[in-house]
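Structure first, commentary second.
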Amino acid sequence: MEPSDKTHLLLLGPDKPLITEGLAQRFIIHRLDSSGTLASGITSSIRAIALCGGHDPLNAEFMLRFPNLEIIASFGVGYDHIDATWAGEHGIIVTNTPDVLTEEVADTALGLLLCTVRELPQAERYLRAGKWLEKPYPLTCSSLRGRSVGIVGLGRIGSAIARRLEGFGVSLSYHNRNKRDVPYIYQASLLSLAREVDILIVVTPGGPETSSLVNFEILEALGPCGILINIGRGASVDEAALIRALKTKTILAAGLDVFNDEPHVPKELLEMGNVVLLPHVGSASMETRDAMARLLVDNLLSWKNGKGALTPVKETPAS
């Protein structure tokens with residue numbers, strides 16, 4: 001028989017031992033069956049949801065299945081797959097895992113930028129194919145020297161990327177909802193930012209406000225030497241417009257860690273030589289993913305102990 005002080009929790013997403021082991025002492029853990037349902041009578045007992053990865057939507061219709069739901073703890077900094085506004089309006093706490101992945105994602109962004117600008121993956125494939133034995137790899141037409149970089153979304157991760165870029169001697173600008181107290185040039189609109197820079201790094205969160213934010217007009221403003229890097233959300237870039245811009249040489253190249261329909265990547269992008277593609281690995285180191293798992297668990301334990309969530313999202317009601 002389960003201890004009476006245990007709280008019923010629904011675990012969604014892939015199994016992460018650090019999360020299940022961390023929660024097992026204080027929660028009765030349930031999973032949906034193959035048909036996506038719970039055993040009869042359990043839904044009304046669920047007070048917490050641990051979302052352990054993936055981006056299947058948690059909309060109002062799903063949350064309404066659990067009339068006593070009080071908290072959703074999500075693994076990851078982005079939470080556009082959760083209707084956090086509806087949750088907040090109905091007294092449900094939503095938490096994410098910020099900060100612990102900031103430096104890792106910023107490192108990945110810099111790696112992706114360097115790979116795209118200098119064609120490093122293409123050069124490695126050239127060597128592995130034995131072509132260096134025939135002749136040297138062609139000189140790249142792009143470099144970071146003399147470049148101007150614009151960051152779309154100067155939050156925690158965007159700021160960490162900017163700090164790293166300072167060491168490269170590039171000019172730095174940004175577009176954000178609000179002007180920040182930083183030594184970088186502020187552009188009030190994304191279009192004005194794209195016109196002023198030749199490298200655009202997208203670090204925006206997902207959601208309706210940023211859907212297709214980078215469209216063909218923005219890419220056209222970036223120009224024929226322009227490079228797009230997306231480390232934020234796939235939906236923030238109009239994928240069809242990006243493919244068109246790359247095909248027509250409206251921009252020079254792109255480096256992408258995120259896509260619209262992950263893990264499916266458009267065939268056109270896979271076949272292009274001027275694109276560097278990563279399988280959404282921004283925070284994908286064991287150390288960082290473990291820290292994210294621990295923070296998810298800590299949010300739930302803090303809530304369970306009556307101390308409130310540690311990292312509630314802005315839509316969450318005050319506890």
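Filter segment 59-75 down to the residues that are out of contact with any helix residue (DSSP H, G or I) (no Cβ under 7 Å at 6 or more places or on another chain) and touching a residue at least 40 places away in the same chain (Cβ under 8 Å), then identify the one that is farthest from SER211 (Cα to Cα).
Taking segment 59-75 first, the residues out of contact with any helix residue (DSSP H, G or I) (no Cβ under 7 Å at 6 or more places or on another chain) are 59, 61-62, 64, 70, 74.
When the remaining residues are screened for being touching a residue at least 40 places away in the same chain (Cβ under 8 Å), the result is 70, 74.
Details: GLU70: 29, SER74: 21 Å.
Looking at residues that are out of contact with any helix residue (DSSP H, G or I) (no Cβ under 7 Å at 6 or more places or on another chain) and touching a residue at least 40 places away in the same chain (Cβ under 8 Å), I get GLU70.
Every residue, every condition in (1) in the same structural domain as ALA123 (by TED's automatic domain parsing); (2) touching a His at 6+ places or on another chain (Cβ under 8 Å); (3) surrounded by 14 or more Cβ atoms within 10 Å (Cβ to Cβ), yes or no:
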| position | (1), (2), (3) |
| --- | --- |
| ILE243 | yes, no, yes |
| THR248 | yes, no, no |
| ALA253 | yes, no, yes |
| LEU256 | yes, no, yes |
| ASP261 | yes, no, no |
| LYS267 | yes, no, no |
| MET292 | no, no, yes |
| LEU296 | no, no, yes |
Task: Extreme residue, nearest to LEU114 (Cα to Cα), among residues of segment 188-209 that are touching an Asp or Glu at 6+ places or on another chain (Cβ under 9 Å) and touching a residue at least 60 places away in the same chain (Cβ under 8 Å) - done: PRO205
Task: Spans of helices (runs of 4 or more DSSP H) in segment 83-187 with at least 1 residues within 25 Å of the chain's Cα centre (by Cα), under 27 Å from GLY207 (Cα atoms) and touching a residue at least 40 places away in the same chain (Cβ under 8 Å) - done: 84-89, 102-118, 156-166
Open item on the list: Please go through segment 251-286 and give me each residue that is touching a residue at least 12 places away in the same chain (Cβ under 8 Å) and assigned to a helix (DSSP H, G or I), ordered by number.
Closed with: GLU268, LEU269
Open item on the list: Looking at PRO67, PRO14, can you tell me which residue is surrounded by fewer than 15 Cβ atoms within 10 Å (Cβ to Cβ), at pLDDT 95 or above, outside any helix (DSSP H, G or I) and not assigned by TED's automatic domain parsing to the domain that holds PRO208?
Closed with: PRO67
Task: Subset of segment 269-290 (residues that are surrounded by 20 or more Cβ atoms within 10 Å (Cβ to Cβ) and small (Gly, Ala, Ser)) - done: GLY282, SER283
Task: Residue ID - farthest from ASN299 (Cα to Cα), chosen from residues in segment 32-49 that are surrounded by 11 or more Cβ atoms within 10 Å (Cβ to Cβ) and of a type outside the set (Val, Ile, Thr) - done: LEU38
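The values are calculated or read from the model by the stated rules, or taken from the named source; none is laboratory data. For clarity, every value in this text was computed on a predicted model and none was experimentally measured. Positions of Cβ are generated from backbone atoms using ideal geometry, with glycine treated the same way; all protein chains shown enter the neighbour counts.
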